[in-house]
Structures are given as C-alpha cells and as structure tokens.
Amino acid sequence: MNKAAAYITSFLSGITNVIFGSGGGILAVDGLKKLGLDQKNAQATALCSTLLMSLFSTVYYLYKGYFALTDTLIYVPFGIPGALTGSFLLAKIPDKILRKIFALFIIWAGLRLIYK
Amino acid sequence: MNIAVAISSFSSGLLGAMGFGGGTVLIIYLTGFLSLEQKQAQGINLVFFLLTGVFGLAGNIRKGLVDKSSFITLIKFALPGMIVGFILLPVIPSFWLKRLFGTALILLGIKTFFEKDKKQKSNGTG
C-alpha cells in the first residue's frame with residue numbers, strides 16, 4: 001500500500017532530520033515518490049520540506065547547546081554558490097541520471113559513516 | 001585546510017539544493033577531518049542547509065517543481081516523527097548515531113540505484 005509506506009517514510013524523515021541533522025531529505029524524496037511525484041519534483045519538494053524541518057531542528061539543537069551559531073560562519077560563503085549551481089542543474093538533468101548519481105552518492109556516504 | 005572547507009561547503013550546497021541531503025558531505029568533513037562532535041557537526045550542518053538551501057528553493061518554486069499538496073502531506077507526517085526525534089536524540093551516543101545513519105544510507109542507496117523508472121506524467125525528458 002503505497003500511501004501507508006509514504007506516510008511511514010515521511011514520519012521517518014522527520015525523525016532523521018532531528019536525529020541526524022540531515023538525511024531527512026533522502027527519506028523525504030523517497031516518501032514523495034511514493035506519493036506519486038517524479039524524481040525531479042520529489043527532490044524539489046523534499047528540499048522545501050526539509051528546510052522547514054531543519055528550522056525546527058536548528059532551534060532545538062541551539063536550545064540543547066549542541067553547537068553555537070558562530071560555528072557555522074566559515075562554511076556559508078562557499079555553500080551559497082554551490083546551492084545556486086545546484087538549483088540551476090536540477091532542472092537540466094534527466095531524472096534517470098539524477099537518480100543514479102543520487103544513489104551512488106548516498107551509498108558512498110553511508111560507507112564513509114560506517115567505516116570512518 | 002581552506003580548500004577542503006571550500007570544496008566540502010560548495011559540494012554540500014550543490015547537493016543540498018538538488019534535494020540530495022548534501023549535508024552528509026559537510027558532516028563527514030566536520031567529524032572526519034576536524035574531529036568535531038557528531039551533534040555539533042549536525043547542528044552546523046542544519047544552519048548551513050537553512051542558509052544555502054533557500055537559494056535552491058527559490059529556483060525550484062520559480063520553475064514550478066514544488067508540489068504543494070505533497071509538501072503538506074509530508075510535513076503532516078514528519079512533524080510527529082520530529083517530536084519522537086526530539087525525545088530520542090539526547091539519549092543516543094554519537095558512536096551509534098553515525099553507524100545507524102551510515103547503514104540506512106547504504107540500504108536506501110542500493111534500493112534507489114536499482115529502482116525502475118517511474119511512469120512519467122507529460123514532463124518532457126526532464
């Protein structure tokens with residue numbers, strides 16, 4: 001039952017956004033595809049959703065004292081051009097290629113986390 | 001050191017704007033190279049994502065790629081999940097946090113790689 005699977009995946013995306021501070025986006029993409037979106041729309045909608053979730057998570061992390069806002073300053077100047085490039089690319093690349101790249105990336109990321 | 005900051009930040013912004021959860025790259029750099037605590041790295045990544053992701057968002061909305069009703073559905077089910085996360089996070093040790101996440105990523109990556117093409121609505125070649 002795809003709807004139920006979509007709801008569970010969305011629920012998990014919320015948990016992971018808080019617990020991992022990322023990765024909620026990957027589950028969000030998966031959940032949105034189960035709701036019927038294609039890869040590109042799922043990724044764009046996932047971005048929108050995870051931004052909102054990350055806002056709540058950020059407040060929570062600051063409240064718990066896990067980090068300070070000033071810790072983040074050095075990374076932002078490079079991240080913004082990256083984000084602009086990504087937004088431009090998302091509309092240009094075919095779904096199938098997007099999915100393969102995405103899949104390989106997260107397998108790599110997972111292996112790094114386990115073995116590092 | 002600065003090149004590594006530039007590359008990891010740029011790639012994270014790029015991947016994040018494409019909805020890929022590019023924060024993984026940044027977190028791996030922060031914990032792997034700078035040896036920051038997992039939760040601190042995650043917090044930094046959250047803010048980084050907020051500030052860089054909005055650029056991707058603006059483009060996506062302009063191109064009509066965001067589906068409003070699916071967005072609402074997802075948030076509706078994600079919020080209870082977040083509350084569970086708020087309760088669980090303080091009691092999970094960093095060691096297990098990293099390995100749990102890594103395992104989940106690998107499983108999802110394998111599944112995504114072998115997924116069949118979804119039947120497209122008339123969306124062109126993408």
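With the cut-off at 1.5 for a/c, could you classify the stretch A:1-60 from its C-alpha gyration tensor as rounded, prolate or oblate?
Values: a/c = 2.67, a/b = 1.56, b/c = 1.71.
Verdict is oblate for the stretch A:1-60.
With only Lys, Arg, Asp and Glu charged, each at its Cβ (+1 for the first two, -1 for the last two), find how big the charge dipole of the protein assembly as shown is about the Cα centre; round to the nearest 20 debye. Walk me through the numbers on the way to the answer.
Values: 23 positive and 8 negative charges, 136 e Å.
So the magnitude is around 660 debye.
Which of the listed residues, A:Leu47, B:Phe114, A:Ser57, is farthest toward the dipole's positive end in the protein assembly as shown, when Lys, Arg count +1 and Asp, Glu count -1 at the beta-carbon?
Working it through, the farthest residue towards the positive pole turns out to be B:Phe114.
With a 1.4 Å probe and every protein chain left in place, work out the accessible area per residue of the protein assembly as shown in Å², rounded to a whole number.
Details: 10780 Å² over 242 residues.
Averaged over the residues of the protein assembly as shown, the accessible area is 45 Å².
Tally Lys/Arg at +1 and Asp/Glu at -1 over every other residue whose Cβ is under 9 Å from the Cβ of B:Phe113; what's the total? Walk me through the numbers before you get to the answer.
Values: positive: A:Arg99, A:Lys100, B:Lys111; negative: B:Glu115.
So the environment of B:Phe113 carries a net charge of +2.
From the square roots a ≥ b ≥ c of the eigenvalues of the alpha-carbon gyration tensor of the stretch A:1-102, which class results: rounded (a/c under 1.5), prolate (a/b over b/c), or oblate?
On the way: a/c = 3.02, a/b = 1.25, b/c = 2.42.
Verdict is oblate for the stretch A:1-102.
Using the per-residue mean of other Cβ atoms lying within 10 Å as a proxy for protection, in what order, highest first, do the peptides B:57-68, A:76-87 fall? Write down the numbers at each step before the final one.
On the way: B:57-68: 16.8, A:76-87: 21.9.
The most tightly packed comes first, giving A:76-87, B:57-68.
Anything over 31 Å Cα to Cα? Flag those among A:Lys34/A:Lys64; B:Lys68/B:Lys98; A:Lys34/A:Lys92; A:Lys33/A:Lys64; A:Lys3/A:Lys64; A:Lys64/A:Lys100, in the order listed. Don't skip to the end; give the middle numbers.
Values: A:Lys34/A:Lys64 34 Å; B:Lys68/B:Lys98 33 Å; A:Lys34/A:Lys92 23 Å; A:Lys33/A:Lys64 34 Å; A:Lys3/A:Lys64 35 Å; A:Lys64/A:Lys100 37 Å.
From the list (A:Lys34/A:Lys64; B:Lys68/B:Lys98; A:Lys34/A:Lys92; A:Lys33/A:Lys64; A:Lys3/A:Lys64; A:Lys64/A:Lys100), the Cα-Cα distance tops 31 Å for A:Lys34/A:Lys64; B:Lys68/B:Lys98; A:Lys33/A:Lys64; A:Lys3/A:Lys64; A:Lys64/A:Lys100.
Pairs of alpha-carbon atoms within less than 8 angstrom and 6+ residues apart define the contacts here; what relative contact order does chain A have, in percent?
Computed value for chain A: 20 percent relative contact order.
For labels at B:Lys111 and B:Val91 in the simple 7 Å Cα→Cβ model, what's the distance in nm?
Taking the simple label geometry, B:Lys111 and B:Val91 are separated by 2.6 nm.
Evaluate peptide B:25-35: per residue, the Cβ atoms of other protein chains within 10 Å of its Cβ; return the mean as an integer.
Details: counts 6, 4, 7, 5, 1, 2, 3, 3, 0, 0, 0.
Partner-chain Cβ atoms within 10 Å, mean over residues of B:25-35: 3.
Would you compute, from DSSP H runs of 4+ residues alone, the mean residue ellipticity of chain A at 222 nm, taking -39500 (n - 2.57) per run and dividing by the full residue count, rounded to the nearest 500? Each step should come with its number before you reach the end.
On the way: 5 runs with 92 residues, N = 116.
Theoretical 222 nm ellipticity from helices: -27000 deg cm²/dmol.
In whole angstrom, note down how far apart the Cα centers of the stretch A:1-31 and the stretch B:23-95 are.
If you average the Cα positions of each part, the centres end up 11 Å apart.
Have a look at the protein assembly as shown and give its Rg and Dmax from the Cα atoms, expressed in angstrom.
For the protein assembly as shown, the Cα-based Rg and Dmax read 16.2, 49 Å.
Simple spin-label model, 7 Å along Cα-to-Cβ: B:Ser35 to A:Trp108 in nm?
Simple spin-label model gives 2.6 nm for this pair.
The values are calculated or read from the model by the stated rules, or taken from the named source; none is laboratory data. Just so we're clear, the structure is a prediction, and the values are computed from it rather than from any experiment. Quick reminder, even Gly has a Cβ in these numbers, built from the backbone with ideal geometry, and neighbours come from all protein chains shown. Heads up: the accessible areas ignore ligands, DNA and RNA and are worked out on the full protein's heavy atoms, side chains in. Shrake-Rupley method; radii C 1.70, N 1.55, O 1.52, S 1.80 Å.
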